[in-house]
Amino acid sequence: MELSELIFYILAFIGIVAALVTVTANNPIYSILGLIVCFFTISAHFVLMNAQFLAMVNIIVYAGAIIVLFLFVVMMMNLNDLPRSNTHIIWKISGAIGAGALMLLLVASLKVSGNLVQSPTKGDIGLIHSLGHALMNEFLVPFIMTSILLNSAMIGAVLLSKREKQLQK
Amino acid sequence: MPSNNLYLAVVVLPLIGFFVSALFGKNLSKKVVGLIASSVIIIPFFIILKAFIGLLNGGEMIHFYLFKWFAVGHYSVNFGIQIDQLSVLMVMLITGVGSLIHLYSISYMHDDENYSNYFSYLNLFVFFMLVLVMSDNYLGMYIGWEGVALTSYLLIGFWFKNHEYNDAAKKAFVMNRVGDLGFLVGMFFVFYYTGSLEFTKVNAALGMGAMVPPLAFIASAAMFLGATGKSAQIPLFTWLPDAMAGPTPVSALIHAATMVTAGIYLIFRSNALFSLAPDTLNIIAIIGIATALYAALVGLAQNDIKKVLAYSTVSQLGLMFLAVGVGAYTTALFHVLTHGFFKALLFLGSGSVIHAMGGNQDIREMGGLKKYMPITYATFLIGSLAISGIPPFSGFFSKDEILAMAFQQNIVLWVLGVAVSMMTAFYMFRLLFLTFSGEFRGSSQEKSHLHESPLLMTVPLIVLAVLSAIAGLLGLPAVFHAPHFLNNFLSPIVVHSGEGHPHLNASTEYMLMAIATVSGIISIGLAYTKYVSKKSIPSVDTLYTGLSKWANRKFYIDEIYDFLFVRPVKWVSDFLFRVVDKLLVDGIVELSGKVSILTGNVIRSLQTGQTSFYILAMVLSICFIIGYYLIGI
Amino acid sequence: MDIEILNGVSVQQYLWLTVILFSIGVLGVLSRKNAIIIFMSVELMLNSVNLLLVVFSKMHADTLGQVFVFFSMSVAAAEVAVGLAILVMMYRNTKSINIDILSKIKE
């Protein structure tokens, strides 16, 4: 067994366990912590595949921004000591069945799709150098559009929470 | 050509008047509306007078195309206007009497809330009537024919708040429809066999033998059915007495002077066709005299001033058809003209009376109006004398000519005709005496309200009275050795003019005249003794016995029609309603509705509103889609 | 079939990993009623797909896949911002973040 394979299995195991913790934990704080762990393992996978730029971005955006946002909301709203809503067992069973069915089908589709062709690997595609080139040349317009999207999302979020205050007054 | 435009204006002006009154009538003052509406009828009268003088001096008939309407195959229908000797007389009658009646209406209708609507309808009627008589083909004539039915419907039901009036309007409309079907069928025949609808071309084709007599019989009989509908002859006459629901000037214009003579005009216009079918002419004569007799009998026992005049109209129209039936087309038109004058006069006179009586139309509650309304009385008297056929008034000449023609054809027709004219004289003078002589029998409140009508109403009366008195000059009998103006004037229109003048010797004709006059005077005398000397007053409707009861109830024709036609139709429609509509149609419609409600209810239960359920459904659906593709692979 | 993108790790193995992560996300979305946790499950699903995109990008030696991941991350960031704002609103109004509350919209 190669070292990289070993690292892959370890990372995969940690990631799956963390993901399970995320969806099963009673306390949302635990969920969030599980999610952070899971995201870190995914970033590690990125590093394994020499996609360093995305690994950084993943940590910064997901772990740094999004998860912190979740954490903020949960803590500021005191959602962690909310009485656990007693989800009916039927929902759990049907959720498990639905997820299982989907997984089965995805696996089945993986099995039947056989024609995966390996291209000659170039090691540097995940580096910030090549990605930056791509973003600033071919994808310049979508890149700028992304900034507009983020800007409008920010305005939307502000507006959504602000209007509430005006209503309460 | 400018002169063509001038004649076009004859038709178009009333239409413009209609639009002005209909669109802006509510904003204009009543005076302006009345003035505009009247002037768009008066101006055409003077224009047509020019055409009349031109034709009188031997001018050619005016004929021009306006535009092509539509083309079918090799045949195209044009809108064309034809002003010949026949239509010029009709147009003069329509616009002349029409303008008098418009002037009269300004005063008569001045209190009505729908004043501008009234004038717009009246203008529209004149427009359609002019289209009817001025069109150069059957199709244009048919447009006018339908249009006058429509406006007649609108005007009969003018006081639409009264349910009975609406029913009367509907009755008139439906009965006219039945007749129109006949006209249409006749038109189909004419077009199929002559290949044209234009009068000149049709007549030319008929002259070349385009239709054999049996075909001509069917076509002319169908057209005659149309004429019976419009001109209120047996069997389609019951609408006309009911049509008196409309305002009185309308009755004078539409249901006495102009529209109801459209049937005569149609037959006169198609005289080339009718002359090919002697059987139809016989039928027309028989139906004409039967209608005349029947209506005169009913008229004897009516107590509503307008109903009497209505039945008198039906009766006179019957005489006109008798004239047509014996082949005397010009004589029929002569009577159309004189009848147009004196019947319009009588109706307007009755309108004046009704106006004074505050809307009451029952002659049993009138009497002694002579004192209060001298002008109305005098003009009404002239009208009555004219319709009774007393010389030298116009009715004498036209009626005498009809009777002479009938005498020539068949003595039985003549005898019946004289009987009709006796009855006419009797019921007209019964009406006159009951209304104007003796003591007033109405309530004291009505008595205090009695007054002579304003100038705007009496002037048309006087004009019409003068016309009624002198119109006989248009057609002096042959024995007077004066030229028969109408016969000469109209001879280009009548195709087989062989039977134009009565070829009776002078003594026979004098005798006929004497008999008619004397019988008329005897009737008047009878009416005088009964209603003036003995002062008898018709009893209330329920006390009638014997023949007079039958006459008062119009021989139960309405009831018979009701039994024969209306009820079966009602039964059938009831059946269709209950079985076909309720069960079949509604069933299918409701079934589709119920199915949607049912499926909706089932599907609604899926709409739980629970987000988790929706997501689950989404996931399962994705599974199905992926599964489908997997199996497809 | 066994294409190695790393020494000893094949594409197939990565596919297994992403499918498992994705299914765990789906399970979370389906079985939980807490809106925040559902939201996090959605993020998990997104991330697993991102991982898959990078794997394929690596396999085809093409930058495009990674560029797409970059965009998907920014969209996710925007989505989270707005989504959390909505959740905050919802909590303020109903004092609950149970998504069954949303069934009240039906009435």
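Over the Cα atoms of the range B:280-552, each weighted equally, I'd like the Debye log10 I(q)/I(0) at q = 0.07 Å⁻¹, rounded to two decimals.
Debye intensities relative to I(0), on a log10 scale: -0.25.
Scale the Cα Rg of the range B:225-283 by the rule-of-thumb value 2.2 N^0.38 Å and send over the ratio, two decimals. Could you put the intermediate results ahead of the total?
Details: Rg = 13.2 Å, N = 59, 2.2 N^0.38 = 10.4 Å.
So the Cα radius of gyration is 1.27 times the expected 2.2 N^0.38 Å.
Among B:625, A:29, A:36, which comes first, then next, by fewest other beta-carbon atoms within 10 Å? Don't jump to the answer; show the numbers that get you there.
Values: B:625 11, A:29 16, A:36 19.
By the 10 Å Cβ count, ascending: B:625, A:29, A:36.
In nm, to one decimal, how far is the residue B:448 label point from the residue B:415 one, both placed 7 Å along Cα→Cβ?
Once both label points are built, they end up 5.7 nm from each other.
How many Å³ per residue does the convex hull of the Cα positions in the range A:1-82 occupy?
Working: hull volume 5.1 nm³, N = 82.
Once divided by residue count, the hull of the range A:1-82 is 62 Å³.
According to a simple spin-label model (label point 7 Å from Cα along Cα-to-Cβ), what is the distance in nm between residue B:485 and residue C:75?
Label-label distance for residue C:75 and residue B:485, simple model: 9.8 nm.
How many times 2.2 N^0.38 Å is the alpha carbon radius of gyration of the range B:274-402?
Details: Rg = 16.2 Å, N = 129, 2.2 N^0.38 = 13.9 Å.
In units of the 2.2 N^0.38 Å rule of thumb, it is 1.16.
Could you line up B:274, B:52 from fewest to most neighbouring Cβ atoms inside 10 Å? Display every interim value, and only then the final one.
On the way: B:274 28, B:52 18.
Ranked by crowding around the Cβ, least crowded first: B:52, B:274.
If you line up the long axis of helix B:611-632 against the longest principal axis of chain B, both from Cα atoms, how many degrees apart are they, to the nearest 10?
Once rounded, one gets 80 degrees.
Taking a ≥ b ≥ c as the square roots of the Cα gyration tensor eigenvalues, with a/c under 1.5 meaning rounded and otherwise prolate when a/b beats b/c, else oblate, which class fits the range B:104-209? Working shown, then result.
Details: a/c = 5.03, a/b = 2.15, b/c = 2.34.
Oblate shape, in that a/c is at least 1.5 and b/c is the bigger or equal ratio.
Relative to the longest principal axis of chain B, what angle (0 to 90°, nearest 10) does the C-alpha long axis of helix B:30-56 take?
Between helix and principal axis, roughly 60 degrees.
For the range C:4-106, what Kirkwood radius comes out of the mean inverse Cα-Cα distance, in Å? Spell out each step's value before the answer.
Working: mean 1/r = 0.0648 Å⁻¹.
After inverting the mean inverse Cα-Cα distance, the result is 15.4 Å.
Suppose R0 equals 60 Å; then what is the FRET efficiency for residue B:592 and residue B:521 from their Cβ-Cβ distance, rounded to the nearest 0.05? Mind showing how you got there, number by number?
Details: r = 76 Å, r/R0 = 1.27.
Efficiency, from the Cβ-Cβ distance: 0.20.
With a cut-off of 8 Å between alpha carbons and a minimum separation of six or more residues, what is the relative contact order of the range A:18-113 in percent?
Numbers: 53 pairs, mean separation 21.8, N = 96.
Reported as a whole number, the value is 23 percent.
Could you compute the net charge surrounding residue B:529? Neighbours are other residues with a C-beta less than 14 Å from the C-beta of residue B:529; K and R count +1, D and E count -1. Working shown, then result.
Working: positive: B:430, B:530, B:534, B:535; negative: none.
Counting the neighbours of residue B:529, the net charge comes to +4.
Only residues of the range C:45-74 count here: report those whose backbone N is under 19 Å from the spot 7 Å along Cα→Cβ of residue A:129, or say none.
From the range C:45-74, the list is C:58, C:61-64, C:66-67.
Between residue B:75 and residue B:177, what is the FRET efficiency for a Förster distance of 35 Å, r being their Cβ-Cβ separation, to the nearest 0.05?
0.85
Taking the alpha-carbon set of the range B:148-219, what are its Rg and Dmax in Å?
Rg, Dmax (Cα atoms, Å): 17.8, 55.
Taking only the alpha-carbon atoms of the range B:363-407, what semi-axes of the equivalent ellipsoid follow from 5 times the gyration tensor eigenvalues under a square root, in whole Å, largest first? Intermediate results must be reported in sequence, preceding the final value.
Details: eigenvalues 172, 26, 5 Å².
Output for the range B:363-407: semi-axes of 29, 11, 5 Å.
Kindly identify the range B:385-435 as rounded, prolate or oblate by the Cα gyration tensor criterion: order the square roots of the eigenvalues as a ≥ b ≥ c, call it rounded if a/c is under 1.5, otherwise compare a/b with b/c, prolate if a/b is larger, else oblate. Working shown, then result.
Details: a/c = 4.92, a/b = 1.74, b/c = 2.82.
Since a/c reaches 1.5 but b/c is at least a/b, the shape of the range B:385-435 is classed as oblate.
When B:628, A:9, B:118 are ordered from fewest to most other Cβ atoms inside 10 Å of their Cβ, what list results? Spell out each step's value before the answer.
Working: B:628 10, A:9 14, B:118 26.
Ranked by crowding around the Cβ, least crowded first: B:628, A:9, B:118.
Determine the gain in length on full extension of the stretch residue B:23-residue B:507; use 0.36 nm per residue of separation and subtract their C-alpha separation, reporting nm with one decimal. Spell out each step's value before the answer.
On the way: separation 484, 0.36 × 484 = 174.24 nm, distance 6.13 nm.
Using 0.36 nm per residue and subtracting the Cα-Cα distance, I get 168.1 nm.
Could you check the spin-label model distance between residue B:618 and residue B:8? Points 7 Å from the Cα along Cα→Cβ, value in nm.
Using points 7 Å along Cα→Cβ, the separation is 7.1 nm.
State whether the protein assembly as shown is rounded, prolate or oblate according to the following rule on the C-alpha gyration tensor (a ≥ b ≥ c being the square roots of its eigenvalues): a/c under 1.5 gives rounded; otherwise a/b larger than b/c gives prolate, and the remaining case gives oblate.
Working: a/c = 3.84, a/b = 3.14, b/c = 1.22.
It is prolate, given that a/c is not under 1.5 and a/b is the larger ratio.
Using the scaling law 2.2 N^0.38 Å as the reference, what is the normalised Cα Rg of chain B? Could you put the intermediate results ahead of the total?
Working: Rg = 29.5 Å, N = 633, 2.2 N^0.38 = 25.5 Å.
Ratio of Rg to 2.2 N^0.38 Å for chain B: 1.16.
In degrees between 0 and 90, to the nearest 10, how far off the longest principal axis of chain B does helix B:329-356 point, with axes built from Cα atoms?
For helix B:329-356, the angle is close to 80 degrees.
Taking the Cα centre of the range B:280-552 as origin, sum charge times position over the Cβ atoms of Lys and Arg (+1) and Asp and Glu (-1), and report the length of that vector in debye to the nearest 20. Please list the in-between numbers first.
On the way: 14 positive and 11 negative charges, 131 e Å.
Once rounded to the nearest 20, the dipole reads 640 debye.
Along the charge dipole of the protein assembly as shown, pointing to its positive end and built from +1/-1 on Cβ of Lys, Arg, Asp and Glu, which listed residue (B:130, B:517, B:283) has its Cα farthest out?
Value: B:517.
Given Cβ point charges of +1 (Lys, Arg) and -1 (Asp, Glu) and nothing else, what value in debye, to the nearest 20, does the dipole of chain B about its Cα centre take?
On the way: 34 positive and 31 negative charges, 179 e Å.
Charge dipole, chain B, about its Cα centre: 860 debye, nearest 20.
Taken together, the values in this text are just the output of simple stated rules run on the coordinates, not laboratory data. Quantities reported herein were computed from a predicted structural model and do not represent experimental measurements. Virtual Cβ from ideal backbone geometry, glycine too; neighbours counted across all protein chains shown.
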